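Chemist: One structure is given below, represented as structure tokens, and several questions about it will come after.
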Amino acid sequence: MERLRRAFVFFALVPGFVGVLFWPTTSSGISGASLTVGPASGTFSVGSIFTVSIYLNTGGNSVNAVEANLSFPPDKLQVVTPSAGKSLIQIWVSQPAYSNEEGTLKFQGTIPSPGINTESGLISTVTFRVKSTGSATLKLLDSSRVLLNDGRGTDVLGQRGSGIYSLVLPPPAGPVVTSPSHPDQENWYKDNNVVFRWESFPDIEGFSYVLNDSPVDIPDDISEGLKTGVTYNNLADGVHYFHIKSLRDHSWGGVTHYVVNIDKTPPSVFEVGITPSDRTSNRNPLFEFGTTDQVSGIDHYEIKIIPLEKSEQEGLPNETPFFVEATSPYSRHLELGRYDVVVRAYDRASNFTQSSKKLAITKAIFEVVKGEGLNFRGSFVIPWFWVWLFGILGLGVLVYFGRLVWIWHRQVEKHLEAGAFKHPDIAPKLEELKNKQKEYKSGGSTNLLIIGIILLISSFAAGFSVQAKASERSVLPVEPPVVTLFPKSVSNDEILYIGGRAGAPDAEVVVYIQSEGNGEAISYSVRTDKNGEWFLSLPDFLNPGKYSAWTQLRVGERLSPPSSKLDIEVAKTAIQLGEKRISYESFYFVLFIILLGALLALGAFLIYHSYHHKIKKAKLTMEIQEAEESIRRGFVILRKDIEAELELVRRTKLTKGLEAEERLREEKLIRDLEWVNSYIGKEVWEVEKRL
């Protein structure tokens, strides 16, 4: 019955708390809770076990739900048990879970309202067994959460701690072992021939030893003799362990373990990337490189940039380049010329793989010279006055010719749309032909039929029209950080950066920047690396004016005094439009690009309309030729009619005299015949001249 009651309470409460646990977080500005592990460091031997506790500091807040997700290296540590016996968690949403294959731990639970407020509350303890030598980090992941008891599930987790542990072999319990070939047990070597030496005493009766891949092992009880050394040749890549014990008074003693790390294989082959390209006018190209090493891992990269051309200064020999250690991406200012870029990737055993690539730094076709003009391939500078003058004049000329060609194009289009028979050179002839055909009835129907067919054909041709439109963040006093990297000058179109060194690794450096104009101050946070180095590049530009900058170092809950102030004056060298900044150099260059674009657009406009004007003019000429030919055929037929009627008049004149009216008729027929002959004799080239 008691079990049923507990199950009821559990299943009645858990859904509500799960809802709180997975309630979407909100940005309320509350923070300060932290999750840490203890001990945060330590040295443990292979085969031993040690316990780590996970603690919660609510930062003065009342919280009711915790999710702690951790990771560990599964090749070095193994979870024995994730104890959940003593814990501040009252209701586990799910039992503590772990995976020795993936190296993960998960704790998820709630505390009923009003929650808990603590500075060092125990969530759980975890027992690990050490599997192999090296360094192991127990890390609280970003997915961990601490939720407020505010009904909204606000996440107030601000800091996540880590534990770093040194894992070593057990102390020697047998003979003292050394290796002349591999003296440091933490280093990697590419020599795969290993020599071991050990001490011996007069009462020693023999030694037993073995070399294998097990960190802790016990050699068998068979003596290998009294020799004090052994050599192993051609060992495979990886970690090898030498185990030895001695026989004294017919009893075997303790075992000494010695580790040897061997890596003869160089890192994987890789390519060097150059941005923007391996042939560029940018004198600060970006070199990118990276690879992997399966055995010991990548230690560092070295780069050498070798000039392939002689020094520009006569009499001075070229400087001998040397390899420098670098990280990707790497950038360096280079002069014009050709280079070989050589990058070496070293593993921890000093094997390296080399990659090279050719680079050419060339002159830009056009380069903006601030305050002067355009530099044409480094040969001469065109002043801005002449750039704008010739640009505007060229724009004007193109506009004029573009308009002229557009007018011609439209005229031809209109004639094509209307048809050849309505062209000014054709319409009058057609009208005269119709008038004459009314006078001479003979053959009129034939003429009209021919003209009708031609008009029907031309109406289909007149429908042809071509249109086109032109269209991207102890107890000893904390010292403030030391600033070693700071720009001598900065403008409002340049990013301000600041860097230096602090007295603590993985600590927080707070940088303050205050305007002397309005007194407004902003702060930024950055973490130091393992050597205490730090660097900050502001995410935004600063407005023109005078500023002061200073720093503080935060180590845990301790805060250093402020550093001495640095004075900054931000010069105005850019046009500001809202949050956008455009340098004057960029502004003039953009104007130049716009002008150049307009010139190119007008040039394209001119070419387009000239081309289509030519095509449509040829089409119109062909249609006019066809219309001319049709009209000429009409006039030929009309001439036959006139000749026939004139012949009739002449016959009448032979048989009898002509009356006055008939004489006038004869004269009109002769004039009409001469007029028709003049039309028939005209060539098309005369029409082309008028077009």
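The values are calculated or read from the model by the stated rules, or taken from the named source; none is laboratory data. Predicted model, so just to flag it, every value in this text is computed and none were measured. Note that each Cβ is placed from the backbone with ideal geometry, even for glycine, and that neighbours are counted across all protein chains shown.
Chemist: Taking the options R403, R410, name whichever one is out of contact with any Asp or Glu (no Cβ under 9 Å at 6 or more places or on another chain), over 26 Å from E626 (Cβ atoms) and of a type outside the set (F, W, Y).
Modeler: Details: R410 fails: over 26 Å from E626 (Cβ atoms).
Unique residue meeting the criteria: R403.
Chemist: Next up: Any idea how many residues of the range 350-376 are modelled with pLDDT under 85, assigned to a strand (DSSP E or B) and not charged (D, E, K, R)? Spell out how you get there, then give the answer.
Modeler: First, the residues of the range 350-376 that are modelled with pLDDT under 85: 362-376.
Those left that are additionally assigned to a strand (DSSP E or B): 366-369, 373-376.
After this cut, where a residue has to be not charged (D, E, K, R) as well, the list is 366, 368-369, 373-376.
Residues meeting the conditions: 7.
Chemist: In addition: With (1) modelled with pLDDT of 80 or more; (2) in contact with an Asp or Glu (Cβ under 7 Å, 6 or more places away or on another chain) as the list, and I607 as the residue in question, which single condition is left unmet?
Modeler: The single condition I607 does not satisfy is (2).
Chemist: Next question, about the same structure. Determine the pairs where a residue that is in a loop (DSSP other than H, G, I, E, B), located within the range 548-571, has a partner that is of a type in the set (S, T, Y) and surrounded by 13 or more Cβ atoms within 10 Å (Cβ to Cβ) with Cβ atoms under 7 Å apart, the partner being 6 or more residues away or on another chain.
Modeler: Here the result reads S563/T551; K565/S548, each pair linking the range 548-571 to a residue that is of a type in the set (S, T, Y) and surrounded by 13 or more Cβ atoms within 10 Å (Cβ to Cβ).
Chemist: Filter the range 200-229 for residues that are surrounded by 12 or more Cβ atoms within 10 Å (Cβ to Cβ) and not in a strand (DSSP E or B) and give the result.
Modeler: Hits for the range 200-229 are S200, S214, P215, V216, D217, I218, P219, S223, E224, L226, T228.
Chemist: What pairs come up if the first residue lies in the range 404-424 and is within 12 Å of H612 (Cβ to Cβ) and of a type in the set (A, V, I, L, M, F, W, C), the second is at pLDDT below 70 and buried (at least 16 other Cβ atoms within 10 Å of the Cβ), and their beta carbons are under 9 Å apart, counting only those six or more places apart or on different chains?
Modeler: Sorted first by the residue in the range 404-424, then by its partner, the pairs are L416/A462.
Chemist: Now for a separate question. For the range 531-551, check the following and say yes or no: at least one residue is at pLDDT 80 or above and closer than 30 Å to E119 by Cα.
Modeler: yes
Chemist: Restricting the search to the range 47-79, which residues are part of a strand (DSSP E or B), of a type in the set (S, T, Y) and closer than 22 Å to D150 by Cβ? Write out each step before concluding.
Modeler: Step one: of the range 47-79, the residues part of a strand (DSSP E or B) are 49-57, 63-71, 77-79.
Imposing the further condition that a residue be of a type in the set (S, T, Y) reduces the set to 51, 53, 55, 71.
Matches in the range 47-79: none.
Chemist: On to the next question. So which of P112, P175 is of a type outside the set (D, E), over 44 Å from the mean Cα position of the chain (by Cα), buried (at least 20 other Cβ atoms within 10 Å of the Cβ) and assigned to a loop (DSSP other than H, G, I, E, B)?
Modeler: Working: P112 fails: buried (at least 20 other Cβ atoms within 10 Å of the Cβ).
Every option except P175 fails the conditions.
Chemist: Something else: Only one of L648, L664, L638 is surrounded by 14 or more Cβ atoms within 10 Å (Cβ to Cβ), assigned to a helix (DSSP H, G or I), at negative phi and hydrophobic (A, V, I, L, M, F, W, C); which? Break it down stepwise before answering.
Modeler: Working: L648 fails: surrounded by 14 or more Cβ atoms within 10 Å (Cβ to Cβ); L664 fails: surrounded by 14 or more Cβ atoms within 10 Å (Cβ to Cβ).
From the options L648, L664, L638, the qualifying one is L638.
Chemist: A further question on this structure: Does the range 150-171 contain any residue that is under 41 Å from the mean Cα position of the chain (by Cα) and under 30 Å from L247 (Cα atoms)?
Modeler: The answer is yes, given that some residue of the range 150-171 is under 41 Å from the mean Cα position of the chain (by Cα) and under 30 Å from L247 (Cα atoms).
Chemist: Quick one: is D347 closer than 30 Å to S268 by Cα, of a type in the set (D, E), surrounded by fewer than 15 Cβ atoms within 10 Å (Cβ to Cβ) and at pLDDT 65 or above? Outline the logic, then answer.
Modeler: Details: closer than 30 Å to S268 by Cα: yes; of a type in the set (D, E): yes; surrounded by fewer than 15 Cβ atoms within 10 Å (Cβ to Cβ): no; at pLDDT 65 or above: yes.
So D347 fails the test.
Chemist: Next question. Any residue in the range 327-340 that's within 18 Å of K358 (Cβ to Cβ): show its pairings with residues that are part of a strand (DSSP E or B) and of a type in the set (S, T, Y) at Cβ separation under 7 Å, as long as the two are six or more apart or on different chains.
Modeler: Close Cβ pairs (under 7 Å, with a partner that is part of a strand (DSSP E or B) and of a type in the set (S, T, Y)) amount to D340/S356.
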